[in-house]
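Here is the structure we will look at, set down as structure tokens.
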There are 4 protein chains.
Amino acid sequence: MTDVDEAEQVRPLRRDAERNRQRILAAAAEVFAQRGLQVSLDEVARHAGVGVGTVYRRFADKEDLIQALFTKRIDDLAVLAEAALAEPDPWQALVSYLERMAGAMAGDAGLRQLMLFSPYAGERIAYARQKFSPSGRALIKRAQATGQARADLETTDIPFMILMLSTAADYAQDVSPGIWRRYLTLLVDGLRASRDCATPLPAPPLLPEEMQMIMNQRSPQQH
Amino acid sequence: MTDVDEAEQVRPLRRDAERNRQRILAAAAEVFAQRGLQVSLDEVARHAGVGVGTVYRRFADKEDLIQALFTKRIDDLAVLAEAALAEPDPWQALVSYLERMAGAMAGDAGLRQLMLFSPYAGERIAYARQKFSPSGRALIKRAQATGQARADLETTDIPFMILMLSTAADYAQDVSPGIWRRYLTLLVDGLRASRDCATPLPAPPLLPEEMQMIMNQRSPQQH
Amino acid sequence: MTDVDEAEQVRPLRRDAERNRQRILAAAAEVFAQRGLQVSLDEVARHAGVGVGTVYRRFADKEDLIQALFTKRIDDLAVLAEAALAEPDPWQALVSYLERMAGAMAGDAGLRQLMLFSPYAGERIAYARQKFSPSGRALIKRAQATGQARADLETTDIPFMILMLSTAADYAQDVSPGIWRRYLTLLVDGLRASRDCATPLPAPPLLPEEMQMIMNQRSPQQH
Amino acid sequence: MTDVDEAEQVRPLRRDAERNRQRILAAAAEVFAQRGLQVSLDEVARHAGVGVGTVYRRFADKEDLIQALFTKRIDDLAVLAEAALAEPDPWQALVSYLERMAGAMAGDAGLRQLMLFSPYAGERIAYARQKFSPSGRALIKRAQATGQARADLETTDIPFMILMLSTAADYAQDVSPGIWRRYLTLLVDGLRASRDCATPLPAPPLLPEEMQMIMNQRSPQQH
DNA sequence: GATGAATGAGTATTCATTCAT
DNA sequence: GATGAATGAATACTCATTCAT
């Protein structure tokens, strides 16, 4: 089942060209993960052992490289999400989903910046981000059906929780890279229905369309 | 006998100068809130309708402008924190504290950056930030003493929660500016001790010194 | 015997204006002597306890202030030169002249820069510098007449010697402010005729007109 | 096995790059010689007919450009110094040394600034400058041993003499570029011991450490 | 007349992007 | 196709000079 994106690449790249493309992606993955999206393309190129020109031959501009890189990354995450769905216990599935997502972000400064809205998130990223909706919805519905998750939780709450956790991870990455797990636990405990005292959630959740709008905005705070 | 700071301001600025100073502060407040502290002083000046030189006449450098802008803001927050402490019920005090803090940061990207990362935060900001520690500690101790808050909560968890909430607020500010309250509720429910099922917090909290280190880093990923 | 410059000042300044003028000159003398001509006029004004505007009301621009300052200073030096001329022994007179000149320069970074051709030396300075010619000539002629000074010395050599000495003074001012005296001695010993071994001076001296040209050049190396 | 510096230059620059590099060096040589090291890199670039970015591609910063330009120059001077040492007659060697040095500096304001003050002189320049000490010392000792040079002369006097002479050269460069030879002769005559009338040098010479201090100062009056 | 506020061109340096080799 | 050279706009900050108060 090919989609538009793949159709664009009708002619496969020459072997060496493809190898360079991969090298660049690998180098970019490494430096962006480690030092964030500010790293200059010159440095990415150096890291990849190619010239900047080569980077620009393979990717229209920095944004394009970032998209190519993270679209795949996010796609992988979507797979992870599916894996979480496969867990037999609905509650565990939900928790595990959040953990995997946040964990993925926690180890990748670039990915985090992208979710936190760097100026580099273009349409393809937005598109990729959408893929999470379905699994997120399913995870929540199932955990609510068993009475484990609170009833007022909504699909759109998931990206927010991940956002929050990855922010915490970002903040403390050098000092205590695992600290986000504390806050995951806090949040997760807050998600439980099995409690005499759950406070009703005060604001209405975002509608999916609103979530869409947010994701399409061009870097509100241009982190 | 007043202190140095006040002594410096003996002579009030000329009317026009004061007007420009205000214009600059207003412009800076706006652009920093909207787009973060990266905005160049040239742009602040343009926004204020003055030359850069004027900005530099009033403020020694970017950091100084930022301090002028946010020191008061942060001091006000500290007052807010004290006010929260005054609430009779310890649990309500804690919740109200988080709410006030997150609410204040919501919608001001600059303030958030300043509380979180230090690229532009000088001593006065650092000093202002420190004021929060004591009240945070007291709030938690008190809410734990009454058995309302979970025992494994630590002072250093507070800034993280505020960070997370204000990020959520930031994220959705144009679409649903109040959405962060949902996540405050989630977190707060996770903070309760009165629950049969609290999961032990997995990672150790940050030590105050570690928190200090983080705050002194000149921006984790150069946000 | 009034000259053109004084004629320009037909109307004497109001008392307070004159006082300010003097304050500015005094302040400028101090800071320029100590830290050189780079000092900003803002700082001069602050030092004088007046506003910059006042400086600009009294002096057309920085160059003008410098001229006013150093024309007088150089005039004073010319008086010093006359004093040297008064010494009974022609040789002593010459030596003392060089010493006084170099000594004056050694203590004044601004004066030195001016002699070494800062971009601020305008026509009035050039004019003032001319005043030295006559006394210089006389000093040399007399010391040659008594057979004390070597015969191939010329008037135009004098400014060069002073230039060289003040450069040495400049160079070492913080470490050994009196070091220039060593080189004065060396030069002076080189000036003596009473020696079996005087090497003939290899290059022709500058003609007075050439000296003029040099002095009028607009800061060859814009020190 | 060659050292790091050479290892870096394994791959020669592309033809066009090399051409531009040369253009930049030529332009820099010209403007620095003429107007001193203050000239901005923008101007150097303009003079070379390239963009500033190109200058920064070839040279890490201004200091680096200056080093590239003058290290060789100064090394050549050191060779010259050695050559002077090779002269059979110690007195001639000393004189010839001074002559060569002063001659080299004459007409290059940048070189002079570099030898004298350090605003832009990095380690390599500092290193290059040190090379002069030994030959200077040897020259003096030898000329004193034969009784030709006065006994109170010290190694540290040499840089001063060169400084003075090159300043004179600078001063008159357009009108009479060789005039400094007059003053060299004067000084040299003052250096002789074979004289009935040598005045004792009044101030103590600079200690080598003091000389070091001077050279490390970032420009006495910010020339 | 005095003040000090406002201006903007100028300085060193960085980096995304284009283009000659 | 690959390379890396060239470009220039952008950034924080300074200072001589002008002008409103």
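The values are calculated or read from the model by the stated rules, or taken from the named source; none is laboratory data. This structure is a prediction, so every number in the text was calculated from the model and none was measured. So basically every Cβ, Gly included, is an ideal-geometry build from the backbone, and we count neighbours across all protein chains shown.
Brief remarks on what is shown
- Residue match in region A:5-28 (condition: closer than 27 Å to residue A:139 by Cβ and either modelled with pLDDT under 90 or hydroxyl-bearing (Ser, Thr, Tyr) (or both)): yes
- Taken together, the residues in region D:34-72 that are touching a helix residue (DSSP H, G or I) at 6+ places or on another chain (Cβ under 6 Å) and away from DNA strand E (no atom under 16 Å from the Cβ) amount to 1.
- Note on region B:174-208: residues that are modelled with pLDDT under 80 and charged (D, E, K, R) amount to 3.
- Candidate set: region A:168-180, residues that are touching a Leu at 6+ places or on another chain (Cβ under 8 Å) and facing chain B (nearest Cβ under 7 Å); chosen: the one farthest from residue A:99 (Cα to Cα): A:175
- Check on residue D:109, buried (at least 24 other Cβ atoms within 10 Å of the Cβ) and within 13 Å of another protein chain (Cβ to nearest Cβ): yes
- Tally of residues being touching a Phe, Trp or Tyr at 6+ places or on another chain (Cβ under 9 Å) and within 16 Å of DNA strand F (Cβ to nearest atom) across region D:48-102: 3
- Check on residue C:186, facing chain D (nearest Cβ under 7 Å) and either more than 20 Å from residue D:162 (Cα to Cα) or in a helix (DSSP H, G or I) (or both): yes
- Hey, residue C:67 loosely packed, with under 15 Cβ neighbours inside 10 Å and not acidic (Asp, Glu) or not: no
- Checking each residue of region D:119-132 against the condition of being assigned to a helix (DSSP H, G or I) and within 26 Å of residue C:203 (Cβ to Cβ) gives at least one match.
- Flag for residue C:165 being within 18 Å of residue D:205 (Cβ to Cβ) and either within 8 Å of chain D (Cβ to nearest Cβ) or at pLDDT 90 or above (or both): yes
- Criterion: in a helix (DSSP H, G or I), more than 16 Å from DNA strand E (Cβ to nearest atom) and touching a residue at least 60 places away in the same chain (Cβ under 8 Å) - qualifying residue of D:93, D:83, D:102, D:78: D:102
- Residue count for region B:47-64, restricted to those that are crowded, with 17+ Cβ neighbours inside 10 Å and part of a helix (DSSP H, G or I): 6
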